[in-house]
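Inspection log for the structure reproduced underneath, given as structure tokens.
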Amino acid sequence: MTKPAPVDFADIQGLVRFGYGALTEASFLLLRIRDASAVQLWLASAPVSNAVVMAQAPDTALQVAFTCEGLRALGLKEDVLAGFSAEFYAGMSGDESRSRRLGDVGANSPQYWAWGGQNKNPHLVVMLYAREQLLEGWLHAIRGPHWDDAFDVLDCLPTSNLFGLEHFGFADGISQPTIDWKQQRQVEADELAYGNLVALGEFLLGYSNEYGKYTDRPRVPADSDTTSARPSADDKPGFHDLGLNGTYLVFRQLEQDVRGFWQFMDQQASSDPDVRRELAEAFVGRRQNGQPLVELSEKPIDGVTNDATLNQFTFDSDADGSRCPLGAHIRRANPRTTDLPGAHDNFFSKLQHTLGLGENTFGEDVIASTRFHRLLRRGREYGPPLGVQDALQQTQSGDVGRGIHFISLGANISRQFEFVQSAWMMSSKFAGLTGESDPLLGNREPIPGCPVTSAFSLTKKNAAKRHIAALPQFITVRGGAYFFLPGISALRFLAGVR
Ligand code: HEM
């Protein structure tokens, strides 16, 4: 096998490599293209930040991503657009069946969204990041002379700095996959052990993924690419690779009902503050300070580089969910080894699992191996914080919106975000549970074959199973879209499309 070429960080937008945590101010501009030529003039000189590590950390950053409709408005032809993935092409709210699978029904339905969905779909998102006090100036600096002619502003989404917490008061952004930038990972087809090191091709187009294959991506005939900035697509001679060093960006505005959350916990806990906190922690699957509810694993986990004391664990030691409930948010979001209870470390147990024999097969069948479904999260909070004590007061009229601008990156929207959201978060059959969906994200709407999805169950060692019924909806979708975050030379190509 030939050694893969080293990654050109100068051609990758920085968000793939950095969360820009030191740039505590951020704002996301949702734009529609008014004049494509003016957009191209703006794009040709826009100071888009790349993924090179600088000697001195930057004070500001700029990222740009397009929806399919936006690429079309820019002049990309249908045959090139057809090279993008079907779900990007259709859009997040493109059809009812997708909305149903994502849980975007009832109060989450796109018809109620503030942006995204029919008639309110952005063409692009311009993402601005800056150190404290610098955002306003940065916004002014990136506009340049063509901005006003180029865009209509659909919305400007501000963010807030909650110092590493999300609005329910939990440490956020703790567990992230480690990207194999050096492309050293040898992918084993039947690899079952949980590891945190994930193939580069899972997060960036143009590289080998967890199947040892290239994810489909858009290409342009070489003779139409006057910039000649991109090398030929490895697996398609005569074409230039428009996808190389780009990725898909999933954006969902998720509003959190902090009062509703803490008032429900309080009622369930008969107002005992410790019980209330513990119950909320069981919903999330971690302590508020980020500590896992299960014991750390003695065996090091491959690729755990981000805070090992918080991420060095699997659910092997807690197969019955008595420490971390089977349906807790982090367990649904990344079941680690829940799908392989008892770790199939010998040939016969692996074979038994593969053939679907043995105990727990129902639970196993509804969950697939986690390494194909990892998400790189890059979201930001918005809205003012609300502490638990204030949240316990009755709803104040005119309460302002607060929540997460959920952003995740991945080379395959369907296998990563959509799978996690529909098969794990929204599924009422996850891990053998029935009648419940994600305790945080669930829309509590009945689904075919399961009239109730609003429960949450807890199993404590040597205690009766506790079944909490009629959870209210704590999180509501307020907007969303699928974007393509191109590589830098692909952006320059887009600036020249005729
Ligand atoms: C307002 C909405 C949400 C809230 C309040 C929330 C909260 C949290 C918290 C507190 C954690 C644990 C800390 C961490 O590892 O970062 C977490 C982890 C995670 N969440 Fe969410 N989340 C939300 C939405 C989502 C959505 C929509 C998805 C995907 C569809 C998601 C996927 C994940 C993943 C993959 C993890 C890491 C799991 C692990 O590897 O242990 N979250 N979330």
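Values in this text are rule-based calculations from the coordinates and carry no lab data. In this text, all values refer to a predicted model and were calculated from it rather than measured experimentally. Ideal geometry is used to build each Cβ from the backbone, glycine not excepted, and the neighbour counts take in all protein chains shown.
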Original post:
Based on the alpha-carbon gyration tensor of region 144-271 and its eigenvalue square roots a ≥ b ≥ c, which shape applies: rounded if a/c is under 1.5, prolate if not and a/b is larger than b/c, or oblate?
Top reply: oblate
Original post:
Expressed in nm to one decimal, what extension gain is obtained for the pair Lys182 and Ala44 from 0.36 nm per residue of sequence separation less their Cα-Cα distance?
Top reply: 46.7 nm
Original post:
If we restrict to alpha carbons, what Rg and Dmax does region 273-323 come to, in Å?
Top reply: 12.0, 38
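For a protection proxy built on the mean count of beta-carbon atoms within 10 angstrom, sort 388-396, 5-13 highest first, please. Kindly include the intermediate steps, with their values, before the conclusion.
Details: 388-396: 12.7, 5-13: 17.2.
With the highest mean Cβ count within 10 Å placed first, the list reads 5-13, 388-396.
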Subject >> Cα Rg, Dmax, region 38-151, angstrom units >> reply: 17.2, 49
Subject >> the chain: relative contact order in percent, alpha carbon pairs under 8 Å with at least 6 residues between >> reply: 23 percent
Original post:
Taking the Cα centre of the chain as origin and charging only Cβ (+1 Lys, Arg; -1 Asp, Glu), how large is the dipole, in debye to the nearest 20?
Top reply: 120 debye
**OP:** Using only Cα positions of region 204-320, each an equal point scatterer, no hydration layer, compute I(q)/I(0) via Debye at q = 0.10, 0.20, 0.22 Å⁻¹ and quote the log10 values to two decimals.
**Re:** -0.63, -1.08, -1.15
**OP:** Could you work out the per residue convex hull volume over the alpha carbons of region 384-498, in cubic angstrom?
**Re:** 224 Å³
Subject >> Members of Lys77/Lys213; Lys429/Lys460; Lys213/Lys429; Lys299/Lys465; Lys3/Lys299 lying beyond 23 Å, as alpha-carbon distances in this model show >> reply: Lys77/Lys213; Lys213/Lys429; Lys299/Lys465; Lys3/Lys299
Original post:
Suppose every K and R has +1 on its Cβ and every D and E has -1 on its Cβ; what is the size of the dipole of region 43-95 about the Cα centre, in Debye to the nearest 20?
Top reply: 180 debye
**OP:** Quote to one decimal, in nm, the extra length available between Cys156 and Glu78 on full extension: 0.36 nm per residue of separation minus the C-alpha distance between them.
**Re:** 25.2 nm
**OP:** Highest first, please rank the peptides 56-64, 323-331 by the mean number of other Cβ atoms sitting within 10 Å of their residues.
**Re:** 323-331, 56-64
**OP:** Based on alpha-carbon positions alone, could you give the equivalent ellipsoid semi-axes of region 42-96 from the gyration tensor, as √(5λ), descending, whole Å?
**Re:** 30, 14, 10
Subject >> Net charge dipole size for region 191-276 [Lys, Arg +1 and Asp, Glu -1 on Cβ; Debye, nearest 20] >> reply: 240 debye
Subject >> For region 274-295 versus region 150-213, the gap between their alpha-carbon centres in whole angstrom >> reply: 24 Å
Original post:
Under a straight-distance cross-link criterion of Cα-Cα below 20 Å, which aspartates and glutamates are reachable from Lys461, leaving out those fewer than 8 residues away in the same chain?
Top reply: Asp274, Glu278, Glu281, Glu295, Asp316, Asp318, Asp320
**OP:** Subtract the Cα-Cα distance of Asp8 and Gln133 from 0.36 nm times their separation in residues, and report this length gain in nm to one decimal.
**Re:** 41.8 nm
**OP:** Quick one: work out the % antiparallel among DSSP beta bridges in the chain, nearest 5.
**Re:** 95 percent
Subject >> Order by protection proxy (mean Cβ within 10 Å, highest first), peptides 286-294, 236-244 >> reply: 236-244, 286-294
Subject >> For the chain, alpha-carbon Rg over 2.2 N^0.38 Å >> reply: 0.98
Subject >> 12 Å beta-carbon shell around Ala222, net charge (K/R +1, D/E -1) >> reply: 0
